[in-house]
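Colleague: Quick one: the structure is below, and I'll ask about it shortly.
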Amino acid sequence: MYELSLFVLDLVQNSITADAKLIKIWLFEFESENFVTVTVADNGKGMSEEVIIKAIDPFMTSKSERKKKIGLGLPFFKQLIESCEGKFRIKSKSGIGTVVTGSFPYNNIDQPPVGDLEDTILNLVIANPGIDFLYTRANDKNKKVFDTRPVRKMLGNDAELMWQSAEMIKWFRNELKR
Amino acid sequence: MKLDELKAIREKASAKIEKRNADASQSEWKIVVSMGTSGILYGAREIIKKIIEEAENLELNVLVTQSGSFGLDDIEPVCAIYHNDEKVVYGKLKPEMIRELLETQIVNGNILTSYRVAVPGDVGNKPASE
Ligand SMILES: Nc1ncnc2c1ncn2[C@@H]1O[C@H](COP(=O)(O)OP(=O)(O)O)[C@@H](O)[C@H]1O
Ligand SMILES: [Mg+2]
């Protein structure tokens, strides 16, 4: 993958698959502090210690038997972050949720471009009417926050039915692409 | 966020929902895009974006959503189109074919055979006379 926003999408799909109802996404790019960090946090079903270990090292072997690989997304993200001289972290608790973070220096030369993260978030929000998203992006000059929770509250009981109406899609687009 | 704009949107949208609920002939369509790691690698993000855009342009009453991998890695990007109890799977999708797919399958109710993938549970498995 060649864009950070594609890795974010991949992490968010993990959260969706884990039945998260709230997914928080942060991207901080602080040149002044020489620091970039990207985080996806969810309140999905979480992972046991054993699953975390397997997920991060999918080709781990024990005795002569090769354990079944369970996925490539997390190892792929970890590898990207480490190739940017960064630090990958994962914290998860069964029944509580999961937080995945990658942090790396702003001035490293190996980081992929961010890509169109706003557009990625926009389509995630639209395509998941039952899930709330909190998206925060900040750098030295600007901070942007987008939160679907007050939106859902304003729309009331039929929020999910209205979510993909032409009017709502336009509203989401205006808010996120501003 | 311009939350005050949502009041007017809510009024408009709830009128539409009531109208839809009253019309029993309105059928339910759902499109699910496979968004696992391999799907993303093969361009599933651009596919779901295009489906959302074209569904809007064609004013379709369809739910567009995403899921983890369908397990059809060799024909990504993949989507499944559900209509009532039926399911048709399409693979090797490209953004430029999405309009034709939605027009053929949802507007006209025909299967776009050139991109259809026969998988278990897919109506595409039924004899062609179907
Ligand atoms: N946010 C999450 N919440 C709960 N479980 C997760 C989460 N992210 C990953 N997992 C677990 O780790 C496994 C490996 O994830 P990943 O490497 O992305 O591969 P894949 O998504 O293809 O299974 C998942 O199958 C799932 O069991
Ligand atoms: Mg994954």
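The values are calculated or read from the model by the stated rules, or taken from the named source; none is laboratory data. Because the structure is a prediction, the values reported are computed rather than measured. Reconstructed Cβ throughout: ideal geometry from the backbone, glycine too, with neighbour counts over all protein chains shown. Each accessible area value is taken on the protein alone, full model and side chains, heavy atoms only, with ligands, DNA and RNA left out. Shrake-Rupley method; radii C 1.70, N 1.55, O 1.52, S 1.80 Å.
Colleague: For the stretch A:166-178, what are the residues that are at the interface with another protein chain (Cβ under 7 Å from one of its Cβ atoms) and either more than 23 Å from A:Q13 (Cα to Cα) or in a strand (DSSP E or B) (or both)?
Modeller: Matches in the stretch A:166-178: A:A166, A:E167, A:W171.
Colleague: A further question on this structure: Between residues in the stretch A:3-27 that are farther than 22 Å from A:P112 by Cβ and within 15 Å of ligand 2 (Cβ to nearest atom) and residues that are β-branched (V, I, T) and part of a strand (DSSP E or B), which pairs lie under 7 Å by C-beta distance while being six or more apart or on different chains?
Modeller: A:A18/A:T98
Colleague: Residues of the stretch A:111-160 being away from every other protein chain (no Cβ under 12 Å), in a loop (DSSP other than H, G, I, E, B) and closer than 20 Å to A:D10 by Cβ, which ones?
Modeller: A:Q111, A:P112, A:P113, A:V114
Colleague: Any residue at all in the stretch B:20-29 that's more than 18 Å from A:L122 (Cβ to Cβ), facing chain A (nearest Cβ under 10 Å) and not in a helix (DSSP H, G or I)?
Modeller: The answer is no; no qualifying residue exists.
Colleague: Quick test for you: out of A:G115, A:G95, pick the one residue that is in contact with a Lys or Arg (Cβ under 8 Å, 6 or more places away or on another chain) and either open to solvent by 20 Å² or more (accessible area, probe 1.4 Å) or on the phi > 0 side of the Ramachandran plot (or both).
Modeller: Selected residue: A:G95, the only one of A:G115, A:G95 that is in contact with a Lys or Arg (Cβ under 8 Å, 6 or more places away or on another chain) and either open to solvent by 20 Å² or more (accessible area, probe 1.4 Å) or on the phi > 0 side of the Ramachandran plot (or both).
Colleague: With the structure loaded, tell me whether B:Y90 is of a type in the set (S, T, Y), more than 19 Å from A:W171 (Cβ to Cβ), surrounded by 20 or more Cβ atoms within 10 Å (Cβ to Cβ) and away from every other protein chain (no Cβ under 14 Å) or whether it fails that test.
Modeller: yes
Colleague: Can you find even one residue in the stretch B:38-56 that is in a loop (DSSP other than H, G, I, E, B) and out of contact with any Pro (no Cβ under 9 Å at 6 or more places or on another chain)?
Modeller: Quick first cut of the stretch B:38-56, residues in a loop (DSSP other than H, G, I, E, B) only: B:42-43.
Now drop any that are not out of contact with any Pro (no Cβ under 9 Å at 6 or more places or on another chain), which leaves none.
Within the stretch B:38-56 (the criterion being in a loop (DSSP other than H, G, I, E, B) and out of contact with any Pro (no Cβ under 9 Å at 6 or more places or on another chain)), the answer is no, since none of the residues qualifies.
Colleague: Ok, one more. Is there any pair with a first residue in the stretch A:119-144 that is at pLDDT below 95 and a second that is surrounded by 15 or more Cβ atoms within 10 Å (Cβ to Cβ) whose Cβ atoms are under 9 Å apart and which are 6 or more apart or on different chains, and what are they?
Modeller: none
Colleague: Between B:I81, B:I98, which is assigned to a helix (DSSP H, G or I), crowded, with 20+ Cβ neighbours inside 10 Å and on the phi < 0 side of the Ramachandran plot?
Modeller: Exactly one residue qualifies, and that residue is B:I98.
Colleague: Out of A:N128, A:N123, A:N107, report the one residue that is among the polar types (S, T, N, Q) and within 14 Å of A:E29 (Cβ to Cβ).
Modeller: Just a single option satisfies the conditions, and that option is A:N107.
Colleague: Restricting attention to the stretch B:57-78, which residues are open to solvent by 50 Å² or more (accessible area, probe 1.4 Å), in contact with a Phe, Trp or Tyr (Cβ under 9 Å, 6 or more places away or on another chain) and in a loop (DSSP other than H, G, I, E, B)?
Modeller: B:N61
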